[in-house]
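A short write-up of the structure that comes next.
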Amino acid sequence: MKRFFLAFVVFLAFGCARPPSPPPKLFVPTEDVENILEKVYAREDSIKEVEAEASVTLSSPSNHYKKRFRVYIFSDTLRFKAELAQFFGLVSGELVCFPESLVVYDPANNRVYYEFYDSIRLNPITGVHMNMRSILFASLGKLFAFDRLDTVESLEVAGDTYTIRGRRNGDGFICTFSETGIPASVQLYNDSLTSLIDIGYEGVIEDNGFFLPQKVTVINVANGDMLTMEYKNVKINRGVSEKIFEMDIPEDVERFLLE
């Protein structure tokens with residue numbers, strides 16, 4: 001009995017002896033906004049590939065939908081893939097973001113949906129210049145995968161919290177983050193200062209010396225829609241085959257254009 005108790009104590013001690021490392025600090029309060037932004041951009045650019053399991057919840061004032069996905073990201077070519085996971089590893093649907101378009105394949109209904117990106121046109125779902133591809137990358141804490149800030153209006157420092165206000169693609173942009181460069185919250189708003197998209201980040205996941213937010217909530221303020229993504233079993237920069245992004249779509253599938 002004593003040997004069992006000793007083994008149990010050792011197991012607990014081992015399990016508690018290696019907590020996740022805290023993210024390193026990228027900058028100090030005395031640095032100017034240009035240097036801080038460049039370091040934030042560099043942190044995001046260093047995350048080239050991600051593979052993870054994601055629990056996704058979609059909710060609106062009238063609906064609630066929760067599923068589990070396998071998520072792949074290949075940042076060098078700006079691609080993102082989500083597979084809807086079912087029992088025994090089966091896949092019942094795929095979403096793939098390519099550099100210029102998004103494709104959603106629904107094999108159960110033999111349908112494919114397309115969206116082609118246009119940085120000038122307001123997205124009809126979000127109301128800002130932020131399409132689904134940008135939202136998916138933002139859900140991994142990669143806010144600047146596609147666009148840097150056009151202008152920077154101010155930098156506010158409160159303790160170890162940094163808030164940058166500026167504009168991107170004509171939309172107002174407020175980003176709050178810590179000295180690690182990992183985002184804490186993002187707001188997009190229009191010229192009348194009406195908040196349109198709110199993104200909140202919680203927790204941190206570490207792998208291979210890289211860090212990502214653990215939980216992300218995206219709220220469409222205009223209509224109350226909310227997307228929550230929570231990640232686990234994350235692998236960062238460990239090699240994602242480009243073949244992952246190939247889609248086997250039948251020729252007789254029905255095709256729909258998302259406008």
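Assuming VAL103 fulfils every condition listed in (1) modelled with pLDDT of 60 or more; (2) open to solvent by 30 Å² or more (accessible area, probe 1.4 Å) apart from one, which condition is it?
Every condition holds for VAL103 apart from (2).
Restricting to the range 219-256, name every residue that is at pLDDT 80 or above, among the aliphatic types (A, V, I, L, M) and open to solvent by 50 Å² or more (accessible area, probe 1.4 Å).
ILE219, VAL221, MET226
Just checking, which of PRO20, PRO29 is at pLDDT below 75, closer than 30 Å to GLY159 by Cβ, open to solvent by 30 Å² or more (accessible area, probe 1.4 Å) and over 20 Å from the mean Cα position of the chain (by Cα)? Step through it out loud before you land on a result.
Numbers: PRO29 fails: at pLDDT below 75.
Answer to the check: PRO20.
State yes or no: is ARG165 basic (Lys, Arg) and assigned to a strand (DSSP E or B)?
yes
Can you name the condition, by its number, that GLU259 falls short on among (1) modelled with pLDDT of 85 or more; (2) surrounded by fewer than 17 Cβ atoms within 10 Å (Cβ to Cβ)?
(1)
Each row is one residue, and each column tells you yes or no for (1) among the small types (Gly, Ala, Ser); (2) modelled with pLDDT of 70 or more; (3) within 28 Å of GLY172 (Cα to Cα).
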site	(1), (2), (3)
LYS48	no, yes, yes
GLU53	no, yes, no
TYR117	no, yes, yes
ASN123	no, no, yes
GLY141	yes, yes, yes
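Collect the residues in the range 180-218 that are outside any strand (DSSP E or B) and either crowded, with 21+ Cβ neighbours inside 10 Å or polar (S, T, N, Q) (or both), keeping them in residue-number order.
Once the filter is applied, which keeps residues that are outside any strand (DSSP E or B) and either crowded, with 21+ Cβ neighbours inside 10 Å or polar (S, T, N, Q) (or both), the range 180-218 yields THR180, GLY181, ASN190, SER192, THR194, ASN208.
Working only within the range 41-58, note down all residues that are touching a Lys or Arg at 6+ places or on another chain (Cβ under 8 Å) and not β-branched (Val, Ile, Thr).
TYR41, GLU44, GLU49, GLU51, ALA52, GLU53, ALA54, SER55, LEU58
The values are calculated or read from the model by the stated rules, or taken from the named source; none is laboratory data. None of the values given here were measured: they were computed from a predicted structure. Backbone-built Cβ (ideal geometry, glycine too); neighbour counts: all protein chains shown. Areas reflect the complete protein model, heavy atoms only, side chains present, ligands, DNA and RNA absent. Shrake-Rupley method; radii C 1.70, N 1.55, O 1.52, S 1.80 Å.
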